[in-house]
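The values are calculated or read from the model by the stated rules, or taken from the named source; none is laboratory data. Source: prediction; values computed, not measured. As a convention, Cβ positions derive from the backbone with ideal geometry for all residues, glycine included, and neighbour counts pool all protein chains shown.
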2 protein chains.
Amino acid sequence: MHKETARLLELDREHSLVMHIGAILGWDQETYMPPKAIEERSSQLALLEGLAHQKAVNPEIGELLAALEAKSDLSEDEKAYVRVVRRDYDRETKLPEAFVTEYAKEASLSQAAWADAKKNNDFAAFKPHLSRMVELNKKRAHYLNPNAKPYDVLLDLFEPGSTQESVAAVFAKMKSYLIEILTRIRERPQIEDKCSGLRVDKHTQERISQYFMKVLGYERDRGRLDVSAHPFTTTLGADDVRITTRYVEDYFPSSLFSTIHESGHALYEMGIDPNPDYRGTKLAEAVSMAVHESQSRLWENIVGRSPAFWERHFPALSALLGEVGEGLDLESFVKSINRVSPSLIRTEADEVTYGLHVIARFELESALFDGSLNVEEVPEAWRAKYRELLGIEAPDDRQGCLQDVHWSMGAFGYFPSYALGNLYGAQFWAALKKEIPDVEARISGGDTSAVLAWLRKNVHVQGSRYTPGELVKKVTGQALDPVWFEKYLREKYSKIYGF
Amino acid sequence: MHKETARLLELDREHSLVMHIGAILGWDQETYMPPKAIEERSSQLALLEGLAHQKAVNPEIGELLAALEAKSDLSEDEKAYVRVVRRDYDRETKLPEAFVTEYAKEASLSQAAWADAKKNNDFAAFKPHLSRMVELNKKRAHYLNPNAKPYDVLLDLFEPGSTQESVAAVFAKMKSYLIEILTRIRERPQIEDKCSGLRVDKHTQERISQYFMKVLGYERDRGRLDVSAHPFTTTLGADDVRITTRYVEDYFPSSLFSTIHESGHALYEMGIDPNPDYRGTKLAEAVSMAVHESQSRLWENIVGRSPAFWERHFPALSALLGEVGEGLDLESFVKSINRVSPSLIRTEADEVTYGLHVIARFELESALFDGSLNVEEVPEAWRAKYRELLGIEAPDDRQGCLQDVHWSMGAFGYFPSYALGNLYGAQFWAALKKEIPDVEARISGGDTSAVLAWLRKNVHVQGSRYTPGELVKKVTGQALDPVWFEKYLREKYSKIYGF
């Protein structure tokens with residue numbers, strides 16, 4: 001290792017420590033913090049952000065990067081490391097301080113305005129903030145890369161290497177088969193959700209969550225489960241990856257699958273270790289949002305909603321549910337948790353329709369950034385998209401274009417990651433099945449460790465060694481191809497709905 | 001306010017923010033942190049300590065202090081503020097960096113050695129570390145004030161203004177009456193502890209704790225109750241003062257009184273507000289360890305173990321205990337929680353013998369620092385002190401001189417605060433009773449708010465405006481006098497034990 005790399009690692013580790021300290025404060029804020037503490041907590045977080053920024057823009061990093069980039073004898077890991085550090089360093093240094101401050105202020109106002117607007121179903125009140133966030137993000141994109149299309153720059157922030165064109169190409173294929181599969185499903189008799197309305201107390205739901213965390217291989221000495229308004233996974237340290245869930249008393253699958261979902265994120269974080277010399281640095285971070293989402297969705301949907309999984313674990317679930325679950329049998333439970341039905345709210349969507357919610361947002365974002373859509377037209381464009389893609393229409397904007405927080409924070413380009421995650425997940429799964437043909441038999445026999453071991457070796461451990469594009473090629477032998485998700489969905493849902 | 005003061009406040013607030021961030025990490029470490037996170041957590045805390053130190057030794061503080069100290073027109077609060085900032089600034093800047101690093105390293109080794117030595121009842125293994133900590137503390141005292149006796153310098157760190165002589169004078173009086181009262185009690189028939197052995201599950205104990213936190217006026221929107229191995233109070237922000245307790249299943253008074261004790265600490269912290277302009281700064285901090293302890297012990301012992309308090313709250317306690325508490329009546333409960341019996345372990349001692357445990361440690365510390373006691377003589381000197389003061393002798397060092405962590409961390413001069421707290425508490429109580437003669441009737445009528453209001457106005461709100469000596473004079477009209485504690489004990493225990 002070059003001495004410049006060693007020094008870069010040192011500086012980077014300090015930055016990671018500060019980020020992890022911030023994560024501790026963030027976790028506490030969402031789980032246990034008393035309400036009146038919020039004001040000082042914001043100041044504490046602002047101080048840490050300032051400190052992290054200060055460490056991130058240290059000119060010494062720029063000098064070290066320049067020195068390393070001039071060398072021809074970097075190891076593979078050094079090269080990858082220089083790439084990710086360069087990426088973050090440019091992102092941190094290219095934005096003028098004044099812009100960062102202005103952006104933070106406007107985003108905070110915008111988020112507050114969105115929360116009110118959603119509550120009051122008042123898009124007009126949010127509109128000027130949405131305009132401002134679009135405008136500021138065009139500016140931001142310009143600072144980061146004046147030679148690229150703004151929306152491409154934003155997409156790249158979440159999914160390195162992706163562009164509007166590449167995402168559009170993938171989504172076009174996905175859109176056509178999702179609509180086709182959905183049409184077939186709608187022609188079949190609808191499944192009744194037998195879980196709905198069963199009252200399961202929080203304590204029992206917590207025991208169910210704990211049971212499945214154990215089944216999946218979540219390491220309890222390196223994390224924990226708590227409760228928050230919105231489930232999330234957060235990394236407070238290399239050996240401290242916590243998840244949260246929430247308990248809906250009359251719909252226990254909500255906490256069950258959110259726990260499996262977040263455990264999938266956590267298993268990824270817990271498994272990152274590309275190189276012992278790079279622990280606690282950017283090389284030991286997840287490669288992208290979409291790859292992260294592939295892990296949570298693979299566990300939640302491909303494994304966690306599969307008949308094989310429940311063949312093994314339904315008896316345990318029944319035992320934990322006790323009397324309240326007496327009317328539930330294996331077959332109707334598996335059908336219930338795989339029920340497909342177009343709905344208005346993305347976060348409640350099933351596996352088949354989820355991608356359509358994302359495509360709607362991607363197409364609207366693309367239009368907002370290429371100028372073909374004005375902010376005031378968003379509510380009507382939203383309704384039109386939902387009619388086109390899902391065949392339903394929101395009765396109000398609260399359940400329409402005001403439902404998600406993302407745009408209010410300026411997180412344009414984020415949504416595609418969610419659907420790309422499904423695609424990566426299915427493609428990884430196909431590769432895994434080629435190597436472990438009896439994986440379903442193993443799962444129904446109670447062994448998910450082969451799945452975890454394969455994901456660890458192929459995906460988790462790599463950290464940021466490869467770009468998402470390189471990773472999927474290395475792991476599956478080909479570039480991202482939406483056909484794998486299609487195959488997975490057809491095979492699964494033709495059985496469930498009998499088409 | 002002078003512009004130098006305003007700038008000092010600004011610098012100080014940043015330092016406070018960093019300290020509070022550290023407190024969040026510390027709280028999490030003791031309550032929820034998964035075990036494997038400890039390694040990185042130490043690095044995170046070290047980073048924050050470094051940052052806090054850096055902010056604390058900022059030379060600008062020295063310049064601002066010098067400028068302010070040269071002025072003759074400071075307001076009273078400015079004067080007080082300059083005094084406390086000067087105190088901390090000198091403490092932080094007078095120790096050379098190399099010494100601080102060496103001290104931290106040795107203290108950490110010493111604490112680990114102590115933990116092992118205690119487990120193995122092996123004083124010999126701890127001895128070299130104890131010698132080293134004494135030696136380093138002599139050095140530390142010399143750096144801080146070469147003209148004072150080292151032990152005086154150390155005492156002053158915890159109780160500003162106190163010296164070995166002043167503490168010895170107070171303790172001499174206390175020792176004589178404690179021994180006399182204890183002798184009288186021992187001549188009377190012993191009380192049976194009717195609470196011992198009652199199995200109360202954790203959930204019920206938690207409900208009991210929550211009930212009494214509410215009774216005392218603990219603000220739940222500015223704090224919370226959790227569980228830790230050792231109960232503590234910690235300030236994570238001006239509006240975030242959390243307490244912990246622990247549940248002993250066959251001795252519910254343990255959590256009950258530790259919760260009341262910690263609530264007493266928390267009520268103090270929650271009430272500090274000497275001046276709105278000085279929020280989040282050193283003026284808005286507790287004045288001393290002993291005054292802090294006066295608040296926890298006043299609530300725990302003077303209020304929380306009084307017949308008046310239980311006249312009101314025993315029915316609620318009975319209701320919460322349910323079936324398990326059926327054999328318990330008001331009178332025997334109050335007697336049980338006020339049982340006096342010499343024991344070996346300080347932290348389990350009753351109100352009467354507690355001070356003797358502290359005097360033993362104070363006398364041994366004094367001797368260690370004036371050279372009349374060698375480290376290798378500590379175990380035997382400890383046994384002799386306990387024979388002399390409490391009439392009992394530890395069968396091993398684990399229950400003798402190895403029981404407390406303090407010396408292993410180098411916290412010499414800390415122990416006296418615990419007993420001084422009892423003295424302050426009783427003196428404050430006497431003053432309170434003069435102003436509110438019917439306080440006991442109020443308490444038995446269910447109203448403790450008069451107590452809290454009096455403490456708020458006289459003690460809490462002041463923060464560090466006065467030194468402890470000034471405060472006690474201002475509040476009670478006289479210097480600290482151990483006679484008030486004596487009066488309190490005689491009155492209470494002559495009734496309980498009938499002498």
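Let me spell it out: the conditions are (1) closer than 18 Å to B:Phe412 by Cα; (2) not in a helix (DSSP H, G or I), and B:Asn147 meets all of them except one. Which number is the exception?
Result: B:Asn147 fails condition (1) only.
Kindly establish whether A:Leu236 is touching a residue at least 60 places away in the same chain (Cβ under 8 Å) and within 14 Å of another protein chain (Cβ to nearest Cβ).
Taking the combined requirement at face value, the residue satisfies it.
Could you please find all residues in region B:207-227 being within 14 Å of another protein chain (Cβ to nearest Cβ) and charged (D, E, K, R)?
B:Glu219, B:Arg220, B:Asp221, B:Arg222, B:Arg224, B:Asp226
Please state which one of B:Ile272, B:Ile191 is in contact with an Asp or Glu (Cβ under 8 Å, 6 or more places away or on another chain) and either within 22 Å of B:Thr347 (Cβ to Cβ) or in the same structural domain as B:Pro342 (by TED's automatic domain parsing) (or both).
B:Ile272
Does A:Val248 qualify as being in the same structural domain as A:Gly223 (by TED's automatic domain parsing), among the aliphatic types (A, V, I, L, M) and buried (at least 17 other Cβ atoms within 10 Å of the Cβ)?
Taking the combined requirement at face value, the residue does not satisfy it.
Report yes if B:Val461 is aliphatic (A, V, I, L, M), crowded, with 21+ Cβ neighbours inside 10 Å and over 24 Å from B:Arg339 (Cα atoms), otherwise no.
So B:Val461 does not fit the description; no.
Here is a yes/no grid of residues against (1) among the acidic types (Asp, Glu); (2) crowded, with 20+ Cβ neighbours inside 10 Å; (3) more than 23 Å from the chain's Cα centre (by Cα); (4) in a helix (DSSP H, G or I):
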{"site": "B:Met133", "(1), (2), (3), (4)": "no, yes, no, yes"}
{"site": "B:Ser162", "(1), (2), (3), (4)": "no, yes, no, no"}
{"site": "B:Val167", "(1), (2), (3), (4)": "no, yes, no, yes"}
{"site": "B:Cys195", "(1), (2), (3), (4)": "no, yes, yes, no"}
{"site": "B:Leu198", "(1), (2), (3), (4)": "no, no, yes, no"}
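Please go through region B:45-64 and give me each residue that is modelled with pLDDT of 95 or more and either under 18 Å from B:Gly223 (Cβ atoms) or of a type outside the set (A, V, I, L, M) (or both), ordered by number.
Scanning region B:45-64 gives B:Lys55, B:Asn58, B:Pro59, B:Glu60, B:Gly62, B:Glu63.
If you take the residues in region B:410-425 that are among the hydroxyl-bearing types (Ser, Thr, Tyr) and in a helix (DSSP H, G or I), which one is nearest to B:Gly161 (Cα to Cα)?
Ranking the qualifying residues of region B:410-425, first place goes to B:Ser417.
Scan region A:437-455 and report the pairs whose first residue is aromatic (Phe, Trp, Tyr) and whose second residue is outside any loop (DSSP other than H, G, I, E, B), with Cβ atoms within less than 6 Å and a gap of 6+ or a chain change.
The qualifying pairs are A:Trp454/A:Leu432.
Tally time: how many residues in region B:48-65 are of a type in the set (A, V, I, L, M) and free of Cβ contacts under 8 Å to residues at least 40 places away in the same chain?
Qualifying residue count, region B:48-65: 4.
Can you pull out the helices (runs of 4 or more DSSP H) entirely within region A:235-329 that have at least 2 residues that are at pLDDT 95 or above and among the hydroxyl-bearing types (Ser, Thr, Tyr)?
Of the helices (runs of 4 or more DSSP H) lying wholly inside region A:235-329, those with at least 2 residues that are at pLDDT 95 or above and among the hydroxyl-bearing types (Ser, Thr, Tyr) span A:253-271, A:289-297.
Considering only residues that are under 23 Å from the mean Cα position of the chain (by Cα) and exposed (fewer than 15 other Cβ atoms within 10 Å of the Cβ), look in region B:92-111 and name the one that is farthest from B:Leu154 (Cα to Cα).
The selected residue is B:Ser108.
Would you mind telling me which numbered condition in (1) within 28 Å of the chain's Cα centre (by Cα); (2) modelled with pLDDT under 95 A:Asp28 fails?
Going through the list (1) within 28 Å of the chain's Cα centre (by Cα); (2) modelled with pLDDT under 95, A:Asp28 breaks only (2).
In region A:1-12, what residues are in a helix (DSSP H, G or I) and either of a type in the set (A, V, I, L, M) or buried (at least 17 other Cβ atoms within 10 Å of the Cβ) (or both)?
Within region A:1-12, A:Glu4, A:Thr5, A:Ala6, A:Leu8, A:Leu9, A:Leu11, A:Asp12 meet the criteria.
Output yes when any residue across region B:179-192 is touching a residue at least 60 places away in the same chain (Cβ under 8 Å) and under 21 Å from B:Asp404 (Cα atoms), and no when none is.
There is no residue in region B:179-192 that is touching a residue at least 60 places away in the same chain (Cβ under 8 Å) and under 21 Å from B:Asp404 (Cα atoms).
Can you confirm whether region A:41-52 contains a residue that is surrounded by fewer than 14 Cβ atoms within 10 Å (Cβ to Cβ), outside any helix (DSSP H, G or I) and not assigned by TED's automatic domain parsing to the domain that holds A:Ala229?
No, region A:41-52 has no match at all.
Starting from region A:476-499, take each residue that is of a type in the set (Val, Ile, Thr) and list its partners that are assigned to a helix (DSSP H, G or I), counting only C-beta distances under 6 angstrom and pairs at least six apart or across chains.
As it stands, the answer is A:Thr476/A:Gln427; A:Thr476/A:Ala431, since those pairs meet every condition given.
Pick out, from region A:426-499, the helices (runs of 4 or more DSSP H) lying fully within it that include 2 or more residues that are among the aromatic types (Phe, Trp, Tyr).
In region A:426-499, A:483-497 are the helices (runs of 4 or more DSSP H) which contain 2 or more residues that are among the aromatic types (Phe, Trp, Tyr).
Tally up the residues in region B:251-260 that are surrounded by 24 or more Cβ atoms within 10 Å (Cβ to Cβ) and either touching an Asp or Glu at 6+ places or on another chain (Cβ under 6 Å) or of a type in the set (Lys, Arg) (or both), please.
1
Given the condition within 11 Å of chain B (Cβ to nearest Cβ), part of a helix (DSSP H, G or I) and crowded, with 18+ Cβ neighbours inside 10 Å, answer yes or no: does some residue in region A:54-68 qualify?
Within region A:54-68, one or more residues are within 11 Å of chain B (Cβ to nearest Cβ), part of a helix (DSSP H, G or I) and crowded, with 18+ Cβ neighbours inside 10 Å.
Considering every residue within region B:79-89, establish whether at least one is assigned to a helix (DSSP H, G or I), within 20 Å of B:Asp404 (Cβ to Cβ) and at pLDDT 95 or above.
no
Give just the number: which of (1) more than 24 Å from B:Pro160 (Cα to Cα); (2) in a helix (DSSP H, G or I) does B:Met33 not satisfy?
(2)
What are the residues in region B:289-308 that are farther than 20 Å from B:Ser449 by Cβ and crowded, with 23+ Cβ neighbours inside 10 Å, if any?
B:Ala290, B:Val291, B:Glu293
Starting from residues that are touching a residue at least 12 places away in the same chain (Cβ under 8 Å) and at the interface with chain A (Cβ under 7 Å from one of its Cβ atoms), keep the ones in region B:34-47 and report whichever is farthest from A:Leu48 (Cα to Cα).
Top of the filtered list is B:Arg41.
Collect the residues in region B:90-126 that are among the basic types (Lys, Arg), under 18 Å from B:Lys138 (Cα atoms) and part of a helix (DSSP H, G or I), keeping them in residue-number order.
Scanning region B:90-126 gives B:Arg91, B:Lys105.
For B:Ile243, all conditions in the list (1) over 26 Å from B:Val475 (Cβ atoms); (2) β-branched (Val, Ile, Thr); (3) in contact with an Asp or Glu (Cβ under 7 Å, 6 or more places away or on another chain) hold save one; what is the number of the exception?
The single condition B:Ile243 does not satisfy is (1).
Mind listing whichever residues of region B:191-244 are of a type in the set (Lys, Arg) and closer than 24 Å to B:Arg297 by Cβ?
Listed by number, the residues that qualify are B:Lys194, B:Lys214, B:Arg220, B:Arg222, B:Arg224, B:Arg242.
If we keep just the residues of region B:4-33 that are of a type in the set (Asp, Glu) and within 9 Å of chain A (Cβ to nearest Cβ), which is farthest from A:Asp28 (Cα to Cα)?
So the residue we want is B:Glu14.
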